[in-house]
Amino acid sequence: MPAAGPPAAALDPSWVTADPTPLAPDHAQRLAELSALDPALADLYRRGAELLAGAADVAALHERQVALLGRERGIVTRGLAELPSLPVEARKVRGRGLNLIKRWLSEIEAARRLVLERAAETRETIDVTLPGRRPWVGHRHVLGRIRDELLDLFHGLGYSVYESPEVERDEYNFTKLNFPPDHPARDAHDTYFLTDDVLLRTHTSPGWVRAMEERKPPLRLVFPGRVYRAEQVDASHMDQFHQIDGLFVDRNVSMADLKATLNAFARAIYGVEARTRLIPIYFPFVEPGCQMDVECSICGGSGRVAGEGGARRCAVCKGTGWIELLGAGMVHTEVFRAVGYDPEEVTGFAFGMGLERIAMMRYGIPEIRMFLENDVRFLRQF
Ligand SMILES: [Zn+2]
């Protein structure tokens, strides 16, 4: 007749096990001794010992101890409680085996508890000989580093830096740069106007006007800074970004000088193998004007990138395979007249580029928004 009481606990098959030998050096002999009595008893002992040895902390150890040796439902305890219902011979063998298992598992449980408690004590102790934790130190923003790199490059070509205001007069941002009164850039949809006459500069080119009004030619200047456009924000447009303009004014400056300068620039930034192209384009303040494109590094010039469910259009180059790197051209005679230079005496070229675009191409950054989101996981990569 089975003993009354709750059913025995179950051992969770997901519990981690470990070799109990370090806790019980005579583990193998114990297994042999139990096998001689009954292989099923040896199995129970082996399983219990491995589970106790595998407990990762005191709570897990307690849980396993309760399942094996607990007073109510412990598997060994229930086995002992059922002994009176067995025939005499079986009762003797099983009783001896279960009592051995109970003692040995209790010993292993105690040994494992000691190991876990000592480990916890060690963790809680402060080791004064350990080196201090290094405080987290930031570094310069990727755009600041690119800007300095470009300024170094232009310094080597003989250019000095000229800083001009971010809050600018309409006259400097547009009128003296030969923007006609009805030019779309003068619309409030494209430009942040503070008053009818004052605005956030839309490019760094107003610096040319200020520099030329202050100084006599020859001039060889670069104009770094932040500019603002009332843009719809997307993967390659922000309503604020950074530019560097360059201006070279002297006698007999030609388009060939401009091309040579841009080529030196492209080679220094992208290496000699980077493919570029010059195409004619209109800007009010240059004549002739051109645009230098560089092959899109995100899609390798194919215009398509692999994505979930097949290739899709490259968002950075909008599927064209090219990215507009900079605009350039020969300074317009009307601009020279506006600052009091004589276009019969001097000529000059100018160029302007976006720092974000250069950084995106250089590092394969897919979204211009990432520069301003201040996500440290992004920023610490550079
Ligand atoms: Zn692309």
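Quick notes on this one:
- Cβ-based charge dipole, the range 46-98, positive-most Cα from Ser85, Val58, Ile75: Ser85
- Of the GluC sites (Glu not before Pro) in the range 295-382, the ones in a loop by DSSP (not H, G, I, E or B) with at most 10 other beta carbons within 10 Å are Glu308, Glu344, Glu345.
- Considering only the chain, percent of DSSP beta bridges that pair antiparallel, nearest 5: 95 percent
- The residue among Ala256, Ser297, Val222 whose Cα reaches farthest toward the positive pole of the charge dipole of the chain, with charges on the beta-carbon of Lys, Arg, Asp and Glu, is Ser297.
- Rg/Rh ratio calculated on Cα atoms of the range 152-241 (Kirkwood radius): 1.01
- Full extension of the chain between Lys318 and Ala120 gives 65.5 nm of extra length, using 0.36 nm per residue less the Cα-Cα distance.
- Loop trypsin sites (Lys or Arg not before Pro), the range 49-110, which have at most 11 other Cβ atoms in a 10 Å radius of their Cβ (DSSP): Arg71
- Taking the convex hull of the alpha carbon positions in the range 27-124 and averaging its projected area over all directions gives 6.4 nm².
- Fully extending the segment from Thr175 to Glu334, taken as 0.36 nm per residue of separation minus the present Cα-Cα distance, adds 56.2 nm.
- Between Arg304 and Lys216, the FRET efficiency from the beta-carbon distance, with R0 = 35 Å, is close to 0.10.
- Here the simple spin-label model places points 7 Å from the Cα toward Cβ, and for Arg362 and Glu287 these points are separated by 3.6 nm.
- Note on the chain: dipole from Cβ charges, positive end direction compared against Leu199, Met238, His139; the farthest Cα belongs to His139.
- In plain terms, the bigger the Kirkwood radius, the slower the diffusion; for the range 281-344, with that radius from Cα pairs, at 10 °C and 1.306 mPa s, Stokes-Einstein puts D at 114 µm²/s.
- Full extension of the segment from Ser85 to Ala274, taken as 0.36 nm per residue of separation minus the current Cα-Cα distance, would add 59.2 nm.
- Debye intensity ratio in log₁₀ form over the Cα atoms of the chain, taken at each q of 0.07, 0.11 Å⁻¹: -0.56, -0.81
- Loop-located chymotrypsin sites (Phe, Trp or Tyr not before Pro) across the range 127-180 with a Cβ neighbour count of 13 or fewer within 10 Å are Trp136, with loop assigned by DSSP.
- Cross-link partners of Lys102 among lysines, defined as those whose alpha carbon lies under 24 angstrom from its own and excluding same-chain residues fewer than eight positions apart: Lys92.
- Equivalent-ellipsoid semi-axes of the range 243-382, from the Cα gyration tensor, Å, largest first: 34, 16, 13
- Assuming charge only on the beta carbon of Lys and Arg (+1) and of Asp and Glu (-1), the dipole of the chain about its Cα centre is about 1960 debye to the nearest 20.
- Volume of the convex hull of the range 131-204 (Cα atoms only), normalised per residue: 170 Å³.
- Contact order relative to length of the chain, as percent, for alpha carbon pairs under 8 angstrom and 6 or more apart: 13 percent
- Cα centroids of the range 138-154 and the range 193-236: 19 Å apart.
- Cα-Cα pairs of the range 327-374 separated by more than 16 Å (percent): 57 percent
- Length-normalised contact order of the range 27-124 in % [C-alpha pairs under 8 Å, at least 6 apart]: 31 percent
- Kyte-Doolittle mean at least 0.5, axial Cα span of 15 Å or more - DSSP H helices of the chain: 58-69, 255-270
Taken together, the values in this text are just the output of simple stated rules run on the coordinates, not laboratory data. Keep in mind the model is a prediction, meaning the values are calculated, not measured. No Cβ is skipped: glycine too gets one built from the backbone with ideal geometry, and neighbour counts run over all protein chains shown.
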